[in-house]
1. Considering only segment 120-131, state which residues are among the basic types (Lys, Arg) and surrounded by fewer than 17 Cβ atoms within 10 Å (Cβ to Cβ).
2. Considering (1) touching a residue at least 60 places away in the same chain (Cβ under 8 Å); (2) within 30 Å of GLU145 (Cβ to Cβ); (3) crowded, with 21+ Cβ neighbours inside 10 Å; (4) in contact with a helix residue (DSSP H, G or I) (Cβ under 9 Å, 6 or more places away or on another chain), say which one GLY310 fails and leave the rest.
3. Scan the strands (runs of 3 or more DSSP E) fully inside segment 222-290 and keep the ones with 1 or more residues being at pLDDT 95 or above and of a type in the set (Ser, Thr, Tyr).
4. Out of THR211, THR181, report the one residue that is of a type outside the set (Phe, Trp, Tyr), in contact with a Ser or Thr (Cβ under 6 Å, 6 or more places away or on another chain), closer than 30 Å to VAL47 by Cβ and assigned by TED's automatic domain parsing to the domain that holds ARG153.
5. Considering segment 65-85 alone, what residues qualify as being at pLDDT 90 or above and either surrounded by 16 or more Cβ atoms within 10 Å (Cβ to Cβ) or among the aromatic types (Phe, Trp, Tyr) (or both)?
6. Please determine, by comparing only the residues of segment 143-174 that are more than 30 Å from ARG228 (Cβ to Cβ) and of a type in the set (Asp, Glu), which one is surrounded by the fewest Cβ atoms within 10 Å (Cβ to Cβ).
7. For segment 303-333, name all the residues that are closer than 26 Å to GLN143 by Cβ and assigned to a loop (DSSP other than H, G, I, E, B).
Amino acid sequence: MIINSDIYHRSVSFFIILLFSLCTYAQQKLSGVIYDDSTKEPLEAVVIYFDGTTQGTITDAVGKFFLEINSNYKGKVIITYLGYKTVILDLSTMTDYNNVLVYLTEEIESLDPIYLKTDDWSREKKLRYFKKYFIGELWLQEQCEIINEKDIRLYYSAAEETLYASSSIPLTIRNNYLGYTVTYYLTDFELKFSLGSSGLRLVNSIYLSGTSFFKESRKKIKKKYISRRKESFEGSMLHFMRSLALKELKENKFRVFYKGFAGDPYKYFSVKLIDNFAKVSLGVDRVSILYNEKHQTDMWMSTDYFLIDGFGNYTPTDQLFFSGYMANQRVGMMLPLDYNL
């Protein structure tokens, strides 16, 4: 039986464009020096990372850094340092990856926003909603601790029926379920509500924006983490996008339905390899995706096509919509983009 959900999820984040092949990795290095823009002095311990991955480094005592990248990598590199504005390098516009000079400017201390309209929700109530739709269900919240949750700014607008959240400080999430420590730079979070026919307040949509960096919690990965990561990956958005790009949906236990009836997945999806990307079009208005006969996701889009890279990352993220299983996988179940490659 196909079960529909009214909740859809739009995950908007800085995306990384990488080589389409999951097997070929020719390595080269991105190198450079990070300076303070006003003093021109080098900065030590600046964090440089590929968004959504475990790949990153920090500058040394003289501001230098080296970071291995795929020779065909044309995505985003995040450069961040507490008290300074974050810089994003777009490798697709760069012709030389060696001796890159970056000047960071100090962040002007921002005051807490002033809301003219009264927010009658308690922080406890707002935080409860935020953690459910950012981390996941209660059992997962018990496994994932936001170390600095006091830095999360929360506001509920009754007029817009929307809960807003943001943070000027990166959130540190200790994920004891999957064995990662995640640094999450929360740019925006919007949880929109509507009144159902019964008069109860229902969650209508989620908008999430930010960047993330993963670190292993332990040097030696426990078997339970390996097992849980595998379980989290199977049927996930990451799993689906990789399978779709390689035309391996059936092999990976994904079935596609249109108006309740199963069909050949590639009757609905057109997949073409163009410039090391999978260019995907959807030939119908909406499909349902069933993984392993138990996890259902509905998918629709407001664009003619989207691209999938070699890590299973897709763009444009804000024009693809999902409801059901994949949409309900929150940050607590999120794996790095370079998982299992």
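1. From segment 120-131, those among the basic types (Lys, Arg) are 123, 125-126, 128, 131; that's our starting set.
ARG123, LYS125, ARG128 - these are the residues of segment 120-131 that are among the basic types (Lys, Arg) and surrounded by fewer than 17 Cβ atoms within 10 Å (Cβ to Cβ).
2. Status for GLY310: all satisfied but (2).
3. On the way: elements: 254-258, 261-263, 269-274, 277-282.
Answer list for segment 222-290: 254-258, 269-274, 277-282.
4. Values: THR211 fails: in contact with a Ser or Thr (Cβ under 6 Å, 6 or more places away or on another chain).
One residue alone meets the criteria, THR181.
5. PHE65, PHE66, LEU67, VAL77, ILE78, ILE79, THR80, TYR81, TYR84 - these are the residues of segment 65-85 that are at pLDDT 90 or above and either surrounded by 16 or more Cβ atoms within 10 Å (Cβ to Cβ) or among the aromatic types (Phe, Trp, Tyr) (or both).
6. Initial filter on segment 143-174 (more than 30 Å from ARG228 (Cβ to Cβ)): 153, 155-162, 164, 168.
If we keep only those that are of a type in the set (Asp, Glu) as well, we get 160-161.
Working: GLU160: 12, GLU161: 14.
Of everything passing the filter in segment 143-174, GLU160 is surrounded by the fewest Cβ atoms within 10 Å (Cβ to Cβ).
7. Looking only at segment 303-333, we keep the residues that are closer than 26 Å to GLN143 by Cβ, and these are 311-313, 322-333.
PHE311, GLY312, ASN313, TYR325, MET326, ALA327, ASN328, GLN329, ARG330, listed by residue number.
Matching residues to (1) at pLDDT below 50; (2) among the aromatic types (Phe, Trp, Tyr); (3) in a loop (DSSP other than H, G, I, E, B); (4) not assigned by TED's automatic domain parsing to the domain that holds LEU320:
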site	(1), (2), (3), (4)
ASN4	yes, no, yes, yes
ARG10	yes, no, no, yes
ILE34	no, no, no, yes
SER38	no, no, yes, yes
ALA45	no, no, yes, yes
TYR49	no, yes, no, yes
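The values are calculated or read from the model by the stated rules, or taken from the named source; none is laboratory data. Only a predicted model underlies this, so the values are computations on that prediction, with no experimental measurement involved. For neighbour counting, all protein chains shown are included, and Cβ atoms are generated from backbone atoms with ideal geometry for every residue, glycine included.
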